[in-house]
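The next block holds one structure in the form of structure tokens; read it before the comments.
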Amino acid sequence: MNYPLIFAYITTIVLFLGTPGPVTVMVANTASRHGFVAGFLTVAGTNAASLALIGTSFLVIQGLFALSETWLLYLTLFGLLYLAYFAVQILKDSIDLNALKAQDTPKPAAKHAIAHFKNGFLVGISNPKDVLFFIAFFPAFLGVADSLTLAMLILVVIWVILDYGILSLYSYAFSKMTNAKLVNAASKLSGVILLLVAVYGVYKTVLELMGGLS
């Protein structure tokens, strides 16, 4: 076990996950609107998406298959369009904390749970180019163990723990907001940030697709 390398990996992941981005903004927005559990379910969705991307990157690292750049761009475009749609819904909605707290509907809860997980997964996987990031990122830390399989297992376990931990802290912090104006302001800001990210991403992706097709 290469403990200094493991420490460097942990430090890098904390800095990476702690930096605000679409996933962080979405978790914060969901938690402020619907509470910690909803935020946690969103985290579960985003984590599942990151594991799918990490798994893909590991397959590429091992040389099992090669990704099509064009396919990757189309999948990216789909995810970004969904992200833009989600952002618009945030901007259109107004949050009534009293109404949310008064809701007591056990039957739709499962449906809501699935929706939070699905939204988290779709936003988490909305930028499949992260696969390229993971391909470039993980090889630098595969020396944490002598066995490649063990090294990958260690890196994934650490990622899952830190991913859940850091994003859950965001979820808990925003779920404790009780001022309706503050919650609405945070929600609108989240929507604006997500929409800007989505629009810029769509613009760049379309340019790349047009360049690739020309």
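A short reminder: the numbers here are calculations on the coordinates, not readings from a lab. Only a predicted model underlies this, so the values are computations on that prediction, with no experimental measurement involved. Using ideal geometry, Cβ is built from the backbone for each residue, glycine included, and neighbour counts are taken over all protein chains shown.
For trypsin sites (Lys or Arg not before Pro), the sites in segment 154-205 that DSSP calls loop and that have at most 15 other Cβ atoms within 10 Å are Lys176.
Sorting Ser168, Ser190, Ser57 by the number of Cβ atoms found within 10 Å of their own Cβ, with the fewest placed first, yields Ser168, Ser57, Ser190.
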